[in-house]
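A quick write-up on the structure given underneath.
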Amino acid sequence: MLKQFDLGEADKIITFLTKDYGKVRAVARGVRKSKSSMSGIVLPFNYNLVTIYRGKSIDRINQVRNIFSFNRLREDLVKTAYASFVTEAVERVSQENQANQALFALLLSTLHKIMVEEEKLPYIELIFKIRLLVVLGLKPQLDYCALCNKKAGSAERYFFHTRQGGLICPECFQQNREEFRFQGYVLSARLVKTLAGIINTGFKSLNVIELSEREYRQLDQLSNEFIKYHLELQLKSYDFLHMIKKLGET
Ligand SMILES: [Zn+2]
């Protein structure tokens, strides 16, 4: 379940992500009455088996069976903040009637990681953001220069340009020096390797990833900028997550 709002006295419109049909919006009749058998569907983050009647104007939820309840995400404010950010992002980027099984798998595994690996929440957020780009076909380009397509050689430092979508070779950087002066990121070879690990292996890199505060900030900013520019996403829940993080620091 990604999103919900009330309809009339007792109903709700529920938006959820499905494995086979992408994003689905359907009405749950009577769900706000206390005895409704469908009440599990309105719990945020829950993973359900849902039977739907396809209607002319709007689809109707007929039956709900819970497969996995992410109740431990709802009981902890910090985890709720992370999970809300993840579900809002997925809600915004997913399409109706267009299955994206990689996106579906990413949503499930991210919620699961938030639940069980609480000491790694900032890394989980980072991996989610980068993998979100990958499953939407917007993989940051690290193997070739994003401008001239030349294979990236080995170097100690690399220039990464978010708007161009990836690494820029030294020659292209020189040619566009004026334009690039105040844009982009200079990344160490180590950081490029970490980024490649996240792109290619997703949450498997969670066990090996170790960044200094500065390195984390670089990848965090880079992924935020990439998402903002290429996906045009601005999320309310992201501000909330920031507020919760700040509270945790004081
Ligand atoms: Zn180039």
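No lab work stands behind these numbers, since they all come straight from the coordinates. Owing to the predicted nature of the structure, the values given are computational and were not obtained by experimental measurement. Cβ placement follows ideal geometry from the backbone for every residue including glycine, while neighbour counts extend to all protein chains displayed.
For the chain, the alpha carbon positions stretch 66, 44, 28 Å along the principal axes, listed from largest to smallest. The angle between the Cα long axis of helix 213-231 and the longest principal axis of the Cα atoms of the chain comes to about 70 degrees, rounded to the nearest 10. For the Cα trace of the range 134-212, dividing Rg by the Kirkwood Rh returns an Rg/Rh value of 0.98.
Take the Cα of Val116, step 7 Å toward its Cβ, do the same at Leu247, and the gap between the two points is 2.8 nm. Each 5 Å bin, from zero up to the one with the longest distance, holds this percent of the alpha carbon pairs of the range 1-150: 2, 9, 17, 20, 18, 14, 9, 5, 3, 2, 1, 1, 0. Give me the percent of Cα-Cα pairs in the range 1-69 that sit more than 14 Å apart, rounded to a whole number. Distances greater than 14 Å cover 54 percent of the Cα pairs. With R₀ fixed at 22 Å, the C-beta to C-beta distance from Phe68 to Asp239 puts the FRET efficiency at about 0.20.
Would you kindly state how much longer the chain becomes between Leu138 and Glu75 on full extension, computed as 0.36 nm times their sequence separation minus their alpha carbon distance, in nm to one decimal?
Numbers: separation 63, 0.36 × 63 = 22.68 nm, distance 3.38 nm.
Stretched fully, the Leu138-Glu75 segment lengthens by 19.3 nm.
What fraction, in whole percent, of alpha-carbon pairs in the range 176-247 exceed 21 Å separation? Value for the range 176-247 (Cα pairs over 21 Å): 41 percent. Between Ser57 and Tyr185, the modelled labels are 4.7 nm apart [label points 7 Å from Cα along Cα→Cβ].
Here the residues Met1, Met243, ranked from fewest to most Cβ neighbours within 10 Å of their Cβ, fall in the order Met243, Met1.
Each label point was placed 7 Å from the Cα along the Cα-to-Cβ direction; for Ala196 and Glu213 their separation is 3.0 nm. Cross-link pairs exceeding 19 Å between alpha carbons, from the set Lys3/Lys23; Lys193/Lys246; Lys129/Lys193; Lys113/Lys246; Lys151/Lys193; Lys19/Lys56: Lys193/Lys246; Lys113/Lys246; Lys19/Lys56.
The slack in the chain from Glu96 to Glu171, taken as 0.36 nm per residue of separation less the alpha-carbon distance, amounts to 22.7 nm.
Against the empirical curve 2.2 N^0.38 Å, the C-alpha radius of gyration of the range 76-176 lands at a ratio of 1.34.
Helix-only arithmetic for the chain: the sum of -39500 (n - 2.57) across DSSP H runs with n ≥ 4, divided by the residue total, places the mean residue ellipticity at 222 nm at -13500 deg cm²/dmol.
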